[in-house]
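Just so it is clear, none of the values below were taken in a lab; they were calculated from the coordinates. Computed from a prediction, not measured in an experiment: that's the story for all the values here. With ideal geometry, Cβ positions are generated from the backbone for all residues, glycine too; neighbour counts draw on all protein chains shown.
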Amino acid sequence: MHNASQPRATLRALQADITTLPVDAIVNAANTSLLGGGGVDGAIHRAAGAELLAVCRTLNGCQTGDAKITAGFRLPARHIIHTVGPIWRGGKANEAALLAACYRRSLELAADAKAKTVAFPCISTGVYGYPPELAAPLAINSARDALKEFSGIQEVLFCCFSREDFELYARLLAQG
Ligand code: AR6
């Protein structure tokens, strides 16, 4: 049941390497193969160790907008939620709905795993070319919407790698 006295989840921006965060779950910006790649995906696979790739091989990939969960292996995070963001194609190829689905589905899996703290990277805004200034408000709004449904999650961290992304998220979150 939801009521006004219930504590609401906190959304926070930070600038960090997501592989260092001792949270219940970190989200990986993966590709449909789930077999690793560059960017944050490469960093997560390197830090988690070879066991992660061995488990990912058994998952049969993942569709864009969907997510799959594994253990964190050598990471300080307990779980890794692998989601696949859309490749930016100009904005008319359903990119916004697919990116929103990544956040919602990741939080659904986090809630199923009883995670209380979840950290996201800036999905799709690296190699996949999604403009950060469009992705950030969508990420925040999608997370806020999903948190109404998944009330066990207490904190969502937007883990930015660059100073620019951090400032963008901090400004948007301060606007409420
Ligand atoms: N911690 C936090 N954020 C990071 C880290 C890190 N260690 N490293 C990079 N970022 P990208 P995408 C940021 O390209 O656009 C991979 O090859 C980065 O600065 O990692 O969703 C996959 O296998 C950017 O803000 O992911 C896919 O093929 C954000 O993470 C493809 O890239 C996302 O950039 C996915 O592309």
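Tabulated data for the structure shown
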{"quantity": "The stretch 1-104, dipole about Cα centre (Lys/Arg Cβ +1, Asp/Glu Cβ -1), debye to the nearest 20", "calculated": "120"}
{"quantity": "Percent antiparallel among DSSP beta bridges (both partners in the chain, rounded to 5)", "calculated": "20"}
{"quantity": "For the stretch 89-119 versus the stretch 48-80, the gap between their alpha-carbon centres in whole angstrom", "calculated": "16"}
{"quantity": "Straight-distance crosslink candidates among lysines, where the alpha carbon sits under 22 Å from residue 116 and sequence neighbours closer than 8 are dropped", "calculated": "68, 148"}
